[in-house]
Amino acid sequence: MSSSRREFLAGLAGAGALATLPRPMRASVAGPLYPPMNLSVFQTPLHHGETEIRLGCAAMTWGDNATNAIIDIAADGFAGIQLRAPTLDQYPDPHALRDLLAQHKLTFVALSSGSTSLDPAVRAQQLETHVEHARYVHEAGGLYLQLISATTKPGQTFTADQYKLQGEIFTEIGKRIADYGIKLGFHNHMNSVGQPPEAVEAILAASDPNYVYLLLDVAHYLQGGGDPVAAIHKHSKRILFMHFKDVKNSDNANGYEWVELGRGRVDFPAILAALHEIHFRGWGVVELDRVPQGDPLTPKEANAVSLEYLREKLGVRA
């Protein structure tokens, strides 16, 4: 046995012996209640474990047809799925959805629960809506609830107080849905309060880290003016799961278009390297809003392109 370990155990024994003394004798003992111990044994940092990325797919490409999305995503070979709020209308019984996902061997990673508003007049109602969604996710065997910050108009700016309010709203919702064991993922998103990187940072700073986590979408973060690799390192302790998404410049009204992975400007080799550096263990959900214009692929085929890219080009196998 090493000397440091003997000193550590001796310290514990001394503390235990002191605790068993009668109360009058305890009071007469001079010095601290717990004698000093050699804590050098704790100075070696623990290994965070190997990186483990499980691949899911967002049903968004299929519009609101959850059934077709489930069948195609499972057939492509994904391990998980992110569904949208209209799924609740298609499967009012969450247990039926749970059984269908189990049949197709898909984990219910997250439900896109919609956006939030800074308007105090709707605060109570939106809280109840998202809590009800969390209850459904829990009953259906799901993990997370995705929330987007308040929507904005092009060029609209916000104050520090508004970022603080957005963080408080997320915290309020996060605390309530925690009753169902569901975690809140704040999705950085274009055309929302949480679009630029400084807004993401401010909202996270204003929210309770015990109840509000970051769903980092690398394409939205890049398009919003940030460096997603830097974001992975900066917010490593708050990342709940990832959105693997790609974007390219376009001559459309937005000036950009979402595309299959590997066909846009996102540096996925650097993204994967950063995730390995922080020992990320969690879900990477492939998201494609719609099949790009002029692309002669079905939603199933388009998402298979992204999955093949992750597996064959980047070596992600989960």
Could you list His276, His133 in order of exposure, starting from the residue whose Cβ has the fewest other Cβ atoms within 10 Å?
His276, His133
Given the options Phe241, Val218, Val259, identify the residue whose Cα lies farthest towards the positive end of the charge dipole of segment 171-265 (+1 on Cβ of Lys, Arg; -1 on Cβ of Asp, Glu).
Phe241
One would report the antiparallel percent of DSSP beta bridges in segment 172-294, rounded to the nearest 5, as 25 percent
Footprinting proxy, Arg317, Arg281: sorted fewest to most Cβ within 10 Å, the residues are Arg317, Arg281
Could you work out how far the C-alpha centroid of segment 152-168 sits from that of segment 203-255, in angstrom?
17 Å
Straight-distance crosslink candidates among lysines, where the alpha carbon sits under 24 Å from Lys245 and sequence neighbours closer than 8 are dropped
Lys105, Lys153, Lys183, Lys234, Lys237, Lys300, Lys313
Please list, ordered by chain and number, the residues whose modelled amide H lies under 5 Å from the amide H of Lys183; skip anything fewer than 5 residues away on the same chain.
Leu145
Show me the three semi-axes of the equivalent ellipsoid for segment 236-318, from the C-alpha gyration tensor (sqrt of 5 times each eigenvalue), largest first, rounded to whole Å.
24, 15, 11
Here the equivalent ellipsoid of segment 52-313, derived from its Cα gyration tensor, has semi-axes (largest first, whole Å) of 25, 23, 18
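Just so you know, all these numbers are worked out from the coordinates, no wet-lab data involved. What you see is a predicted model, and the numbers here were worked out from it, not measured in a lab. Cβ sites come from the backbone with ideal geometry, for glycine too, and all protein chains shown count toward neighbours.
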